[in-house]
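Read through the structure below, which is laid out as structure tokens, and then see the notes.
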2 protein chains.
Amino acid sequence: MKPSVVTIEPNGHFCSDCGVRGSAVCSSLDAAELREFEHLGRRVHFSSGETVFSEEDITTSFYNVLDGVMRLYKLLPDGRRQIVGFALPGDFLGMNLSGRHNFSADAIGAVTVCQFAKAPFGRFIEDRPQLLRRINELAIRELSQARDHMVLLGRRSADEKVAAFLLGWRERLLALKGPSDTVPLPMSRQDIADYLGLTIETVSRTFTKLERHGAIEIIHGGISLLDPARVEALAAA
Amino acid sequence: MKPSVVTIEPNGHFCSDCGVRGSAVCSSLDAAELREFEHLGRRVHFSSGETVFSEEDITTSFYNVLDGVMRLYKLLPDGRRQIVGFALPGDFLGMNLSGRHNFSADAIGAVTVCQFAKAPFGRFIEDRPQLLRRINELAIRELSQARDHMVLLGRRSADEKVAAFLLGWRERLLALKGPSDTVPLPMSRQDIADYLGLTIETVSRTFTKLERHGAIEIIHGGISLLDPARVEALAAA
DNA sequence: GGCCAAAATTGATCTGGGTCAATCGCATTT
DNA sequence: AAATGCGATTGACCCAGATCAATTTTGGCC
């Protein structure tokens, strides 16, 4: 998907009533700082499938996800793809040492981000260690998730991968949408396969198997967890 | 391997002539800060196979690797192991949000670390944003490595995994020991297998295959890269 | 040097998940 | 409502890498 026209809201928003105020990178700022911060970011909308940034791009901006879901992925030269994560509201993207994004990110469905130009954002952090500390926390949390995912990719069976994915995804949505056994899956089967190191066919077959066993029900745009305990047992935590 | 008696040097060292002074977390400190910092850490030695900390342990210390190699790993309840990384001199271990180490670490061969009690170290960081920034850099670098490793685990063949491992390991040693086509491999075949998401047999066979093709020579305690270009081609970067 | 245990290699066989190939089920478009 | 087209499902078959099973090599240690 090539980037197309995006909608930019010139400045009709306030950080103070932003949906991710409490959980995002900006949760470390007080009211006074927030008013200054407000001028650094601009809301940008992306529609389904649009690429927000690419692996080889030079980093000119950081992004704070406000709404929607993004897939973060790396490609091998021959086209094989590994999705390294899904970004949700509150996630902060763009930190790197090389000066280039080291993965690509595109929108799954409509996405709104808060975009910060790199230089001014860097200057703003400079004398605000609280913000740096918050960014560090987010990085450490991601690192922990990354290590968990390595275990999944390297050492789990297809059944375990799929079961762990469903539970993990539900867990992430819990913080955003509250508890529910109905788990929306906005990403495609191909996305799930590329996240789990499987093929689309294996994901599909595993879903069907879980449904036949009464553990889940496949519904439009997601699944329903009929027997969470059984799925947890399969995930073999 | 169970922890046994470790040797602690009461205080016969100086940060200023520490081997990792330039690359580790302490590279962000000036000479004055360094003298204060010196009192926070103590050198601790571990012998081959000893566990430095375990996954479920409550974090009471941070560690700066000074010498030697460590394996960092997570275990599944049934004993399957995934090595999430190897730590080398200059690496900083122990950061987490949960208050517990989320992986285990043990010594491969003799290891020396600089150990910091969590609370005093935290206090020392408090008013030194440079140090925090350095820690953040290290975390971001690790995150990038973690994502690369996810691609390897999820989307590469056994041959590609082994070839990429040999090149990646050589690359890491380059910064420490200078360039060389002789690559020491202090870790066991089992460690390599658990790092690459393979079995020990597959690692062994792949080494043998690479040797038969004249790409490498298996030597005592490591390999020699006879044909780096060919290995790079196999790694399919 | 000789003995023992652990690590590594090699071979034979098996299988989980990949590959290839239809088919199905929708949502759009005409 | 027929045509289109894409994502998802299902089936048949295959193969890379796992498993099982011997050796062989290496490294202490008396």
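The values are calculated or read from the model by the stated rules, or taken from the named source; none is laboratory data. Only a predicted model underlies this, so the values are computations on that prediction, with no experimental measurement involved. Neighbour counts run over all protein chains shown; Cβ positions are idealised from the backbone, glycine included. For the accessible areas, the whole protein counts, side chains as well, though only heavy atoms, and no ligand, DNA or RNA atoms are used. Shrake-Rupley method; radii C 1.70, N 1.55, O 1.52, S 1.80 Å.
The label point for B:Glu232 and the one for A:Glu232, both projected 7 Å from the Cα toward the Cβ, are 5.1 nm apart.
Taking label positions 7 Å along the Cα-Cβ direction at both B:Asp127 and B:Ser204, the computed distance is 6.0 nm, reported to one decimal. Beyond 27 Å, the tail of the calculated P(r) for segment B:7-148 holds 17 percent of the Cα pairs. Of A:Ala105, A:Ala163, A:Ala119, the residue with the greatest mean-square motion in the GNM of chain A, using alpha carbon springs below 10 Å, is A:Ala119. Largest GNM mean-square fluctuation among A:Val203, A:Val151, A:Val113, using chain A with Cα springs under 10 Å: A:Val151. Every Cα-Cα pair of chain B was included, and the share exceeding 33 Å stands at 21 percent. Heavy atoms of the protein chains alone define the surface here; on that basis chain A has 45 Å² accessible area per residue at 1.4 Å probe size. Among B:Asn64, B:Asn102, B:Asn136, the residue with the largest mean-square fluctuation in a Gaussian network model of chain B, with springs joining Cα atoms closer than 10 Å, is B:Asn136. Counting only Cβ charges, +1 for Lys and Arg and -1 for Asp and Glu, the dipole size of segment A:156-235 around its Cα centre is about 40 debye.
Do the alpha carbons of any pairs in A:Lys74/B:Lys74; A:Lys161/B:Lys74; A:Lys209/B:Lys74 sit beyond 26 Å of each other, and which pairs?
On the way: A:Lys74/B:Lys74 24 Å; A:Lys161/B:Lys74 16 Å; A:Lys209/B:Lys74 29 Å.
Table pairs above 26 Å Cα-Cα are A:Lys209/B:Lys74.
The charge dipole of the protein assembly as shown, taken about its Cα centre with unit charges on the Cβ atoms of Lys, Arg (+1), Asp and Glu (-1) only, comes to about 500 debye. Convex hull volume of the Cα atoms of segment A:141-182, normalised per residue: 56 Å³.
Is the C-alpha gyration tensor of the protein assembly as shown telling us rounded, prolate or oblate? Criteria: a/c under 1.5 is rounded; beyond that, a/b larger than b/c is prolate, otherwise oblate.
On the way: a/c = 1.60, a/b = 1.14, b/c = 1.41.
Oblate, since a/c reaches 1.5 and b/c is not below a/b.
Here's how it looks for A:Leu185: its modeled amide H is under 5 Å from those of A:Gly222, A:Ile223, which are all 5 or more places away or on a different chain. Using C-alpha pairs under 8 Å with a sequence gap of at least 6, the mean separation divided by the residue count of chain B gives a relative contact order of 18 percent.
Could you work out what % of the accessible surface of the protein assembly as shown is carbon and sulfur, using a 1.4 angstrom probe and leaving DNA, RNA and ligands out of the count? Spell out each step's value before the answer.
Details: 11240 of 21200 Å².
The C+S portion of the solvent-accessible surface of the protein assembly as shown is 53 percent.
Dividing the summed -39500 (n - 2.57) terms of all DSSP H runs of n ≥ 4 by the residue count of chain A sets its mean residue ellipticity at 222 nm at -12500 deg cm²/dmol. Here segment A:165-188 is scanned for amide nitrogen atoms under 18 Å from the site 7 Å beyond the Cα of A:Ile218 along Cα-to-Cβ, giving A:165-167, A:182-188. Residues of segment B:116-143 whose accessible area (probe 1.4 Å, heavy atoms of protein chains only) drops by at least 50 Å² once all protein chains are present, relative to their chain alone: B:Leu132, B:Arg133, B:Asn136, B:Ile140, B:Leu143.
Can you give me the Cα centroid spacing of segment A:108-140 and segment A:158-237 in angstrom? Their Cα centres are 31 Å away from one another.
How long are the semi-axes of the equivalent ellipsoid of segment B:70-162, taking √(5λ) for every eigenvalue λ of the Cα gyration tensor, in whole Å from largest down? Mind dumping the intermediate values first?
On the way: eigenvalues 153, 56, 35 Å².
For segment B:70-162, the ellipsoid semi-axes come out as 28, 17, 13 Å.
Over all distinct Cα-Cα pairs of segment B:162-203, the Kirkwood formula returns a hydrodynamic radius of 10.9 Å.
Would you please name the GluC sites (Glu not before Pro) within segment B:20-61 that are DSSP coil residues with at most 13 other C-beta atoms within 10 Å of their C-beta? Can you show the working numbers first?
Values: sites: B:Glu33, B:Glu36, B:Glu38, B:Glu50, B:Glu55, B:Glu56; in loops: B:Glu38, B:Glu50, B:Glu55, B:Glu56.
Hits after loop and neighbour filter: B:Glu56.
Note that segment B:156-235, at 20 °C in a medium of 1.002 mPa s, gets a Stokes-Einstein diffusion coefficient of 173 µm²/s from its Kirkwood radius over C-alpha pairs.
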